[in-house]
Amino acid sequence: MIDIHARYSVAKVATSSLGTVKLRVPNVLFSEPHDRDEYSGQFEALLTSRIIDTGKVQFVAPQNEMVRGERKAGFSGQAVVMPNYIPFSSLIENIETSYERDRNAEVFIAVGRNERIASEVSGVKSELVEVSNAPELSRDPYDLAQTIISARGAVGMNRLLYVPGVATPQNLSMLVYSGADITDSSSTDLSALTGQVFVDGISYPASALREGICSCPACMSDAGEKPVWHNRYQLLSELMRCRVAISSGSLREYVESRASVSPWNTEFLRYLDSIHRDFIEKYAPNANIMIRAGTPQSLTRPEIVRYVNRFSERYTPPPLKIALLVPCSHRKPYFLSRSHRLFLDAVRASRHHDQVHLITVTSPLGVVPEELETVFPAASYDIPVTGHWSHEEKERSIALLGSVISKGGYELVISHLADERDFINEALESGGMRYVDTSMGNTRSAESLRRLTEAVDSAGEMKHAQWEERMKYLLSNLAAFQFGEAGRELLNGSRLSGRYPYVRITRAQKQLGMLTGPRGVISLTLDGADALQGSVEGYTVEMEDFRLIGNLFAAGVARAGELLRIGDEALITRKGSVMAVGVASMSASEMNEKKKGEAVHVRHVRREA
């Protein structure tokens, strides 16, 4: 049984019960030290050759099947006794189908590689699954990434995945990010014995320790085997950093910072972001974290790519006549920033202000139209501002902007840009689009703001759009981005009231939902859920047949719509009728698998007689 305390994508901080063994994950098993006194150190779990009375959790290392070591595997007191194994199993043809093992045992040794491991471990009842051939697979980052992701997908989030023999302070965060719960120090120890030490993830020759580059307990003592114990303390420190990063929602930023310390790490993350992005995205949150997009890898981050894909699939420009292109701001949402208030004031001074559609050009999202400024991740990201755009950043913004302008019925495009001005204007020209450049590179000067007002006024005669009419266009787009095209039903025949970003949606004197600033999306009422029921199956959770009083827990979930991510608005139904609405606390994949933990934090529940 696993109690999850914090999660980020497929990584989790949790407490697991393996028989009577309580183990916190992620965790590292530290190899059996020569000095028995070292058992009293900071290490939480040990990898030993035999059961020893240490008072700590210990995994007893597997014996070589070729020498027929006989012992009973499973949980014994504070020890997890690993089953026997076949060395270099990944090199044996069809080993995963020819090697007989007990699929109901407490511990299962997987021997397959790449996607074949999925069929091998599918249906296994064991609480712990070991990827026994990880050391051989680690020679190729593709093989190891493919195998870990395939195994994680097959065993789900409710079982522990042990990836032995590959962890170092340099790559531990990568392994944790890909779904490994348990690793060990054997590779780290071997590095030290071959004269390689790690400091903050970077590899150095062991002689560098004499230069005072580290102040860990090993380096500050006169004990022997200094490189070995130095590396172990570095691995322990890296483990603690990974746990903190998961709990604070910053694991991805930490992984990106580690990607550059070795070509192996860079390659491993690239495989995760390309081949396995869709799997990782299923578990990635859709709210409640700050994205710090400071590296090239941020462009391929699952949450960012999700935004780009949904924008491409779900977004249709409103029927406004003037597209105003502006740069992003440090403060989010943009409309709260000083620069965007200046732009809006200049627009409001014109006679066609109600026909202006504000579109922010930004990286790594590409573009953010004004109606999506409050959604995740547009309202929750930060980037370094250098004035330099990479080729990939330019391509994304040009492609998405081109899609918006081609779909929209704009009669005038106004370019009021700064660092983006040259390449965006060039793209507009090459696309044969009529545009006016009002900033001349200085967006906030009095002269450029005056030109902006004049450009909006020069658009010719246009029909005025009342506040409610214009706001309906925008909220309809937001609802479609949030729920898919069916979400627009919330705005059909509805009335709006309030002051943006707090806008109430009502129909026939019943409130259907409300856009609120803190969440940035539409929070539904029961009447709003009724209006969407049956048309947004991807965001619907069918509960078991019982009376719901408080929050919905995973044990009460019969089926969860596949589009649900943490932070999404969720409709809860029973036998096809809406019973509650709330916010998803788990992804759909976890809801459909787990039997413990809060699945949906309920906001409104239907009263029953």
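The values are calculated or read from the model by the stated rules, or taken from the named source; none is laboratory data. Bear in mind that the values here come from a model prediction, so they are computed numbers and not experimental data. Neighbour counts are summed over all protein chains in view; Cβ atoms, including those assigned to glycine, are modelled from backbone coordinates with ideal geometry. Ligands, DNA and RNA are excluded from the accessible area calculation, which covers all protein heavy atoms including side chains. Shrake-Rupley method; radii C 1.70, N 1.55, O 1.52, S 1.80 Å.
At a glance:
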quantity	calculated
Three-way shape call for segment 359-452 based on the alpha-carbon gyration tensor, with the a/c threshold at 1.5	rounded
Estimated FRET transfer efficiency when R0 is 60 angstrom, pair Asn492-Glu211 (beta carbons, to 0.05)	0.30
Of Val121, Pro377, Gly431, farthest towards positive along the dipole that unit charges on Lys, Arg, Asp, Glu beta carbons give the chain	Pro377
Entries in Lys321/Lys510; Lys510/Lys594; Lys22/Lys595 that, when Cα-Cα distance is taken, lie over 27 Å	Lys321/Lys510; Lys510/Lys594
Average Cα contact separation per residue, the chain, under 8 Å, 6 or more apart, as relative contact order %	9 percent
Global form of segment 202-340, assessed from the alpha-carbon gyration tensor, a/c cut-off 1.5	prolate
Per residue solvent-accessible surface (Å²) - segment 212-346, probe of 1.4 Å	40 Å²
Fully extended contour minus Cα-Cα distance, from Glu537 to Glu598, at 0.36 nm per residue	19.9 nm
Ellipticity estimate at 222 nm from DSSP helix runs (n ≥ 4, -39,500 (n - 2.57)) divided over the chain, nearest 500	-9000 deg cm²/dmol
DSSP-defined beta bridges in segment 451-609 - what % are antiparallel, rounded to 5	90 percent
Förster radius 25 Å - calculated FRET efficiency between Thr516 and Gln466, Cβ distance, rounded to 0.05	0.65
For segment 245-314 versus segment 106-120, the gap between their alpha-carbon centres in whole angstrom	26 Å
Pair Ser221, Phe546: separation of 7 Å Cα→Cβ label points (nm)	5.1 nm
Burial ranking of peptide ranges 51-58, 516-523 (average Cβ count within 10 Å, highest at the top)	516-523, 51-58
Point-charge dipole on Cβ atoms (K/R +1, D/E -1) for segment 282-325, about Cα centre, debye to 20	40 debye
Förster radius 60 Å - calculated FRET efficiency between Ser49 and Ala508, Cβ distance, rounded to 0.05	0.25
Gain in span if fully extended, Asp3 to His391, counting 0.36 nm per residue against the direct Cα distance	135.3 nm
Share antiparallel - DSSP beta bridges, the chain, percent rounded to 5	55 percent
Extension reserve of the Ser337-Asp382 stretch, reckoned as 0.36 nm per residue once the Cα distance is removed	14.8 nm
Per residue solvent-accessible surface (Å²) - segment 535-609, probe of 1.4 Å	42 Å²
Net charge, Glu485 excluded, C-beta distance under 11 Å - Lys, Arg +1, Asp, Glu -1	0
Segment 425-512 shape via C-alpha gyration tensor axes, a/c threshold 1.5	prolate
For peptides 194-200, 246-252, 566-572, sequence by mean Cβ density within 10 Å, most packed first	566-572, 246-252, 194-200
Most positive-pole-ward Cα, Val261, Ile280, Tyr204, against dipole of segment 184-291 from beta carbon charges	Ile280
Student exercise, the chain dipole from Lys, Arg, Asp, Glu Cβ charges, in Debye to nearest 20	1880 debye
Sparse-neighbourhood loop sites, trypsin sites (Lys or Arg not before Pro) in segment 139-198 - DSSP loop, at most 16 other Cβ within 10 angstrom	Arg139
Partners for Lys332 among aspartates and glutamates (Cα-Cα distance below 15 Å; same-chain residues under 8 apart left out)	Glu370, Glu371, Glu373, Asp382
